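*Asks:* Here it is, the structure, as structure tokens.
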Amino acid sequence: MDTTTAEGRTILPARTGHATRVAAGQRVSVIDLDGGQVGDLFAFAADDPAEHLSAGHTRAATSRLFPAVGQDFVTDRRRPILTLLSDTSPGRHDMLIPACDPARYAGLGADPGHPSCAGNLHASLAALGLTVPVTPQPVNVFMRIPVEGDELRWLPAVSRPGDAITFRALMDCVIVLSACPQDLVGINAGHPTRLAIDLLPAT
């Protein structure tokens with residue numbers, strides 16, 4: 001169960017998700033509390049959740065495989081939804097890999113019922129009374145998937161305790177974060193841990 005501190009920080013235990021409504025202009029920080037933890041970040045237009053942040057459309061708009069400070073993220077309707085304001089981590093984030101889901105874990109030999117980012121997404125949206133027909137490809141913050149030739153490598157996250165990545169909302173939206181439950185490939189070094197979200201005022 002996520003918890004919200006007196007300062008307004010929402011802490012996500014390992015393997016869980018959280019959804020929050022964000023007004024245009026507000027800032028959202030994702031903090032790796034313990035270091036080495038990947039977070040799957042999704043964003044949906046508040047007035048029509050069928051419109052969502054699209055990693056593929058963002059790659060086309062920015063001509064980049066991976067996100068960089070100062071860039072905008074766009075939706076599947078090619079509208080800017082978030083911009084990346086700052087990043088205190090080593091800057092390794094991913095826009096190539098889809099959210100883990102039950103089929104992924106079944107293929108890896110996990111027991112039925114293994115938590116997943118897809119499951120966390122839909123459960124978190126349901127807590128706000130929302131549903132979406134698909135699981136969009138997320139922006140995987142702190143996830144290190146380098147491209148070497150025509151191959152991808154699955155490496156442990158190098159984010160440190162307290163590292164944060166901060167976005168500004170460019171439209172009213174719903175942000176969902178999943179503290180990725182992946183413990184069968186190396187991205188979380190086999191041991192998922194906590195994340196936090198700070199919802200900050202506009203500047």
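*Asks:* Within the range 25-75, track down each residue that is touching a Lys or Arg at 6+ places or on another chain (Cβ under 7 Å), small (Gly, Ala, Ser) and under 19 Å from Phe142 (Cβ atoms).
*Replies:* Listed by number, the list holds a single entry, Gly35.
*Asks:* Looking only at the range 111-119, decide whether some residue is free of Cβ contacts under 8 Å to residues at least 40 places away in the same chain, of a type outside the set (Gly, Ala, Ser) and either under 15 Å from Ala43 (Cβ atoms) or open to solvent by 60 Å² or more (accessible area, probe 1.4 Å) (or both).
*Replies:* Within the range 111-119 (the criterion being free of Cβ contacts under 8 Å to residues at least 40 places away in the same chain, of a type outside the set (Gly, Ala, Ser) and either under 15 Å from Ala43 (Cβ atoms) or open to solvent by 60 Å² or more (accessible area, probe 1.4 Å) (or both)), the answer is yes, since at least one residue qualifies.
*Asks:* Kindly check whether there is at least one residue in the range 162-184 that is aliphatic (A, V, I, L, M), under 28 Å from Ala61 (Cα atoms) and part of a loop (DSSP other than H, G, I, E, B).
*Replies:* yes
*Asks:* Additional query: Run down Leu121, Leu84 and say which single residue is in contact with a Gly (Cβ under 9 Å, 6 or more places away or on another chain) and part of a strand (DSSP E or B).
*Replies:* Leu84
*Asks:* A follow-up question, please. Tell me yes or no: at least one residue of the range 151-159 is under 25 Å from Leu33 (Cα atoms), open to solvent by less than 70 Å² (accessible area, probe 1.4 Å), free of Cβ contacts under 8 Å to residues at least 40 places away in the same chain and assigned to a strand (DSSP E or B).
*Replies:* yes
*Asks:* Can you tell me which residue among Ala123, Ala196, Ala164 is within 19 Å of Cys100 (Cβ to Cβ), among the aliphatic types (A, V, I, L, M) and either modelled with pLDDT of 95 or more or open to solvent by 10 Å² or more (accessible area, probe 1.4 Å) (or both)?
*Replies:* Criteria check complete, one pass: Ala123.
*Asks:* Which one of these does Tyr105 not meet: (1) touching a residue at least 12 places away in the same chain (Cβ under 8 Å); (2) farther than 20 Å from His18 by Cα; (3) part of a loop (DSSP other than H, G, I, E, B)?
*Replies:* Exception for Tyr105: condition (3).
*Asks:* From Val28, Val69, grab the single residue that is open to solvent by less than 20 Å² (accessible area, probe 1.4 Å) and either modelled with pLDDT of 95 or more or not in a strand (DSSP E or B) (or both).
*Replies:* Val28
*Asks:* If you take the residues of the range 31-56 that are of a type in the set (A, V, I, L, M) and farther than 19 Å from Ser86 by Cα, which of them is surrounded by the most Cβ atoms within 10 Å (Cβ to Cβ)?
*Replies:* Among them, the one singled out is Ala45.
*Asks:* Separate question: Look at Gln37 and say whether it is over 18 Å from Thr135 (Cβ atoms) and more than 15 Å from the chain's Cα centre (by Cα).
*Replies:* Taking the combined requirement at face value, the residue does not satisfy it.
The values are calculated or read from the model by the stated rules, or taken from the named source; none is laboratory data. Keep in mind the model is a prediction, meaning the values are calculated, not measured. Positions of Cβ are backbone-derived with ideal geometry, glycine not excepted, and every protein chain shown enters the neighbour counts. Surface areas here come from the heavy atoms of the whole protein model, side chains and all, with no ligands, DNA or RNA. Shrake-Rupley method; radii C 1.70, N 1.55, O 1.52, S 1.80 Å.
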